[in-house]
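Participant: If you scroll down you'll find the structure; I have some questions about it.
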Amino acid sequence: MIRQAKKALNTVFGYESFRPLQEEVIGEVLKKNDALVIMPTGGGKSLCYQIPALLFDGLTIVVSPLISLMKDQVEQLREFDIPAVFLNSTLSPEEYRQNIALLRRGEAKLLYLAPETLLMPRTRNLLSELKVDCFTIDEAHCISEWGHDFRPEYRQLTEVRKDFPDAACLALTATATPRVQKDIKNILKLEDSEAYISSFGRKNLFLKVADKDNPQDQVLDFLYRRKNQSGIIYCFSRRQVDELYVDLKKEGHSVKPYHAGLSERVRNRNQEAFIKDDISIIVATVAFGMGINKPDVRFVIHHDMPQNIESYYQQIGRAGRDGLRSDCLLLFSYSDTQKIRYFINQKEGEEKQVAEQHLRSLLNYLESGECRRKPLMKYFGETYAGDECGMCDNCLTVDADVEDLTVQSQKFLSCVVRTGEKFGGTHITDVLRGSKARKVLDKGHDELSTYGIGTDWSRNQWIQRSRLLIRQSYLKKDKQYGSLMLTEQARSVLDGTEKVFGLLDRTTATVDGKTPARTSSDVENNYDENLFEQLREKRKELADERGIPPYTIFPDTTLMELSYYYPQDADSMIHIYGVGSVKLKKYGDTFMNIIRTYCQENNIEERRQPLKRRAKKSSKTAKHVRISEAFNDGQSIAHLAEEYGVKEVTILKHLKNYLDEGNELRTEGIAEASSLSARKRDSVLASMKKVGPELLKPVYEDLGKSVGYDELRIMQLYYLAENK
Ligand code: ADP
Ligand code: ZN
């Protein structure tokens, strides 16, 4: 069964391998055992029941407290052609009837419903007629009064669970506190079941705390380098949300507000706009975020101090569910601390003590000079292994003095002059870095003397520089078009009479041209941004036609891989992350057409994908054939062993199989793998000729036990390949 699960992962979802614990949990569920799963947001909980659901004959029920989440999940599943439905109060009577009919006919694999719907007698009656193989309780912490989101209806699920004695019960949550975990176990009677708890160290989140001196400017600086990226900005109060919203709007950002003071209609509309990428940024109070499943939130800013570590962690957890690097910035000020103290002082007794404890933990985190992951993990009962994570401000702070940035500033300013003071920072950066972007070539900017003189700095560094030049009044920005123009003061920098100093923000800048983020892959750092934009636009168009969020079609990760590998036929496309057979059929051609045209216009060739992933996903060809063909193509045995993560002797076995089937192997590649001298090799071959090559023991004896079996196995293969 687990083999089938793996296959579903590859061919239906288009993913290469399981994430930590997924395989174990799925195995358990398939055996109809109960399990408790605790994984951080973005850990991949959904697949733990979605894959078994595909393999079971019967139905998988998923209890979920949030209607928006249900809808999102069902939409995503339908994009994979997996029959899923939900039942809740938002359905029209007609839709409700249709879904019920579908369930009765046994055509749905997954049913999502809210606890109150499940508790209704008519739902329970309906479900009692059906074969239910898995009973999943999502957001299982809602069962506990100790959690941050207690829901009394959840308590009654214990009763309902008895309706499905043959089903596996799977409880899932991202809440890490031991108290809540214990509650879930007790209430759902999971004491004897396995608990799967994964690490809460979200490695792809870059954590940064900055002193709040000029928050509006700090936020604008931060956003300047993040055009088109989705992000959430949390503020303490509604008023603060409204103010910041207006400020950002004025600066031309695509943004909407969200707080409890807005009508439900407006709130829903703004949330929807965010999910569907109609806007990039949402400025919100803590009211925002529950039920947001958007995987590509690239940043979370805390404009004000969060309530406590737990809510902070939950809020930043909304960033980077897709596993790509995402940035979390918290602006920290003394006066915010005072505000929280004021609220705490209005509480009494135990409640007050708990709140004080929370504040202490939070301050401990904020004021920490060591790796931020240490206090954070400690709070959740984990120890952070290792000294430095390389993904927080404290790990990356270089004790840099203010640097002399005159030369770099001169380059930037003169490029602004050469291009006629008509362009924004991104274009200037493209010219400086010698980009082949269409816009650069069309304008003939590749012929300017400043073209390509700035390759020693990363894109981010240049953009950051331009921002600093604006702040230091060397440049001014046209409010309407965003084009940059020189000020009088800039002339003296250009003619060398004035020097420019500044501090480079190392946490966003790159070191030696490489991003320090350890989780960033080559794909993430070097994908083709221009192609990515074109694919993104197409994705948005397709999503709008279907009325679904763009990420349901393909996540950003897929678009990045597409604009890195440039696949141009179905064979290569199927190996891209997130592309399974269904999506290949639905969208393959549309996206490949764009890629093909782009490659033709820009004279780009498809990039070969690593052998490992090609091999893993293609199920048609047997492994020993794939390995042997790669070997005949010139790959060494050692290389293949590494590629497949096996010992060399295993590769030899595969090669021998291939040979035994009547195929040929190149002999020089085999000899290469042997560490025997040429003389010794000849004596082994002579011995094989004498006593026969099939069995190794006689050869071993014949040679007076002077050559080990590993070497003999290599020479045996050589002998057989040569004597074909
Ligand atoms: P959670 O519910 O734990 O917050 P999700 O189930 O929504 O997390 O998964 C987060 C993201 O990771 C989704 O976009 C999902 O498709 C993706 N994902 C899950 N499992 C894998 C996997 N094994 N390989 C690649 N991507 C995965
Ligand atoms: Zn760190």
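Participant: Between a residue in segment 182-203 that is farther than 10 Å from ALA35 by Cα and any residue that is open to solvent by 60 Å² or more (accessible area, probe 1.4 Å), which pairs come within a Cβ distance under 7 Å, given they are 6 or more apart or on different chains?
Facilitator: ASP183/TRP146; ILE187/ARG155; SER198/PRO20; GLY201/TYR384
Participant: Just one of (1) farther than 26 Å from ALA5 by Cβ; (2) surrounded by fewer than 22 Cβ atoms within 10 Å (Cβ to Cβ) trips up GLU79, so point out which.
Facilitator: Against the list (1) farther than 26 Å from ALA5 by Cβ; (2) surrounded by fewer than 22 Cβ atoms within 10 Å (Cβ to Cβ), GLU79 comes up short only on (1).
Participant: When GLN216 is evaluated against the numbered criteria (1) open to solvent by 20 Å² or more (accessible area, probe 1.4 Å); (2) in contact (Cβ under 8 Å) with a residue 40 or more places away in the chain, which criterion, by number, is the only one it fails?
Facilitator: (2) is the only condition that GLN216 fails.
Participant: If you don't mind, another one. Which is among the charged types (D, E, K, R), at pLDDT below 90 and more than 14 Å from ILE233 (Cα to Cα), of ASP277, ASP322, ASP296?
Facilitator: Answer to the selection: ASP322.
Participant: Next question, about the same structure. What pairs can you find where one residue is in segment 420-439 and open to solvent by less than 30 Å² (accessible area, probe 1.4 Å), the other is part of a helix (DSSP H, G or I) and of a type in the set (Val, Ile, Thr), and their Cβ atoms are less than 6 Å apart, with a gap of 6+ or different chains?
Facilitator: Pairs that qualify, where the first residue is open to solvent by less than 30 Å² (accessible area, probe 1.4 Å) and the partner is part of a helix (DSSP H, G or I) and of a type in the set (Val, Ile, Thr), are GLY425/ILE463; ILE428/VAL416; THR429/ILE463; ASP430/VAL440; VAL431/VAL440.
Participant: Continuing with the same structure: Give me a count of the residues in segment 664-696 that are open to solvent by less than 50 Å² (accessible area, probe 1.4 Å), within 16 Å of ASN723 (Cα to Cα) and assigned to a loop (DSSP other than H, G, I, E, B).
Facilitator: 4
Participant: Tell me, please, whether a residue that is under 29 Å from ALA273 (Cα atoms), within 16 Å of ligand 2 (Cβ to nearest atom), modelled with pLDDT under 90 and outside any helix (DSSP H, G or I) can be found in segment 474-491.
Facilitator: Scanning segment 474-491, I find no residue that is under 29 Å from ALA273 (Cα atoms), within 16 Å of ligand 2 (Cβ to nearest atom), modelled with pLDDT under 90 and outside any helix (DSSP H, G or I), so the answer is no.
Participant: A further question follows. Filter segment 349-383 down to residues that are among the aliphatic types (A, V, I, L, M) and in contact with a Leu (Cβ under 8 Å, 6 or more places away or on another chain) and give me whichever is nearest to ligand 2 (Cβ to nearest atom).
Facilitator: Going through the qualifying residues, I end up with LEU376.
Participant: Please go through (1) surrounded by fewer than 18 Cβ atoms within 10 Å (Cβ to Cβ); (2) within 16 Å of ligand 2 (Cβ to nearest atom) for SER326 and return the number of the only condition it doesn't satisfy.
Facilitator: Status for SER326: all satisfied but (1).
Participant: Here are the criteria: (1) open to solvent by less than 20 Å² (accessible area, probe 1.4 Å); (2) assigned to a helix (DSSP H, G or I). Tell me which single one GLN410 does not satisfy.
Facilitator: (1)
Participant: Would you kindly identify the strands (runs of 3 or more DSSP E) lying entirely within segment 255-373 that contain at least 2 residues that are without any contact (Cβ under 8 Å) to a residue 40 or more places away in the chain?
Facilitator: 255-258
Participant: Another question about this same structure. If you take the residues of segment 7-31 that are among the small types (Gly, Ala, Ser) and farther than 18 Å from THR136 by Cβ, which of them is nearest to ligand 2 (Cβ to nearest atom)?
Facilitator: Among those that are among the small types (Gly, Ala, Ser) and farther than 18 Å from THR136 by Cβ, it is SER17.
Participant: Select from segment 374-388 the residues that are within 22 Å of LEU330 (Cα to Cα), touching a Gly at 6+ places or on another chain (Cβ under 8 Å) and not in a helix (DSSP H, G or I) and list them in ascending order.
Facilitator: The one that is within 22 Å of LEU330 (Cα to Cα), touching a Gly at 6+ places or on another chain (Cβ under 8 Å) and not in a helix (DSSP H, G or I): TYR384.
Participant: Next question. Which residues, counting only those in segment 29-70, are touching a Cys at 6+ places or on another chain (Cβ under 9 Å) and of a type in the set (Asp, Glu)?
Facilitator: ASP34, the sole residue that qualifies.
Participant: Go through segment 39-127 and tell me which helices (runs of 4 or more DSSP H), entirely inside it, have 1 or more residues that are farther than 27 Å from ALA319 by Cβ.
Facilitator: Filter on segment 39-127 gives 45-55, 93-104, 115-119.
Participant: Confirm whether GLY420 is assigned to a loop (DSSP other than H, G, I, E, B), at pLDDT 90 or above, of a type in the set (Gly, Ala, Ser) and touching an Asp or Glu at 6+ places or on another chain (Cβ under 9 Å).
Facilitator: Answer is no for this residue.
Participant: Where in segment 543-592 are the helices (runs of 4 or more DSSP H), entirely inside, with at least 3 residues that are surrounded by fewer than 21 Cβ atoms within 10 Å (Cβ to Cβ)?
Facilitator: 570-573
Participant: Just one of VAL646, VAL699 is part of a loop (DSSP other than H, G, I, E, B), among the aliphatic types (A, V, I, L, M) and free of Cβ contacts under 8 Å to residues at least 24 places away in the same chain; which is it?
Facilitator: Selected residue: VAL646, the only one of VAL646, VAL699 that is part of a loop (DSSP other than H, G, I, E, B), among the aliphatic types (A, V, I, L, M) and free of Cβ contacts under 8 Å to residues at least 24 places away in the same chain.
Participant: I need a count of the residues in segment 128-147 that are part of a loop (DSSP other than H, G, I, E, B) and open to solvent by less than 10 Å² (accessible area, probe 1.4 Å).
Facilitator: 1
Participant: A follow-up question, please. With the requirement that a residue be out of contact with any strand residue (DSSP E or B) (no Cβ under 7 Å at 6 or more places or on another chain) and more than 7 Å from ligand 1 (Cβ to nearest atom), what does segment 14-24 give you?
Facilitator: Matches in segment 14-24: GLY14, PRO20, GLU23.
Participant: Based on what the data block shows, is MET391 aliphatic (A, V, I, L, M), touching a strand residue (DSSP E or B) at 6+ places or on another chain (Cβ under 6 Å), open to solvent by less than 70 Å² (accessible area, probe 1.4 Å) and within 16 Å of ligand 2 (Cβ to nearest atom)?
Facilitator: yes
Participant: Here's another thing I want to ask about it. Name the single residue, out of those in segment 280-293 being touching a Lys or Arg at 6+ places or on another chain (Cβ under 7 Å) and at pLDDT 95 or above, that is farthest from PRO550 (Cα to Cα).
Facilitator: It comes out as THR285.
Participant: Could you count how many residues in segment 280-302 are away from ligand 1 (no atom under 16 Å from the Cβ) and buried (at least 22 other Cβ atoms within 10 Å of the Cβ)?
Facilitator: Selection size over segment 280-302: 8.
Participant: Sticking with this structure for a sec: Cβ-Cβ below 8 Å, separation at least six or inter-chain, first residue in segment 576-595 and farther than 18 Å from THR557 by Cβ, second hydroxyl-bearing (Ser, Thr, Tyr) and open to solvent by 10 Å² or more (accessible area, probe 1.4 Å): which pairs?
Facilitator: Filtered contacts from segment 576-595: SER581/THR11.
Participant: Same structure, new question: Whether any residue in segment 464-472 is open to solvent by less than 60 Å² (accessible area, probe 1.4 Å) and modelled with pLDDT of 90 or more is what I want to check.
Facilitator: No, that holds for no residue.
The values are calculated or read from the model by the stated rules, or taken from the named source; none is laboratory data. Just so it is clear, the model here is predicted, and its values are computed rather than measured. Cβ coordinates were reconstructed from backbone atoms using ideal geometry, including for glycine residues, and neighbour counts include every protein chain displayed. Accessible surface areas use protein heavy atoms only, side chains included; no ligands, DNA or RNA. Shrake-Rupley method; radii C 1.70, N 1.55, O 1.52, S 1.80 Å.
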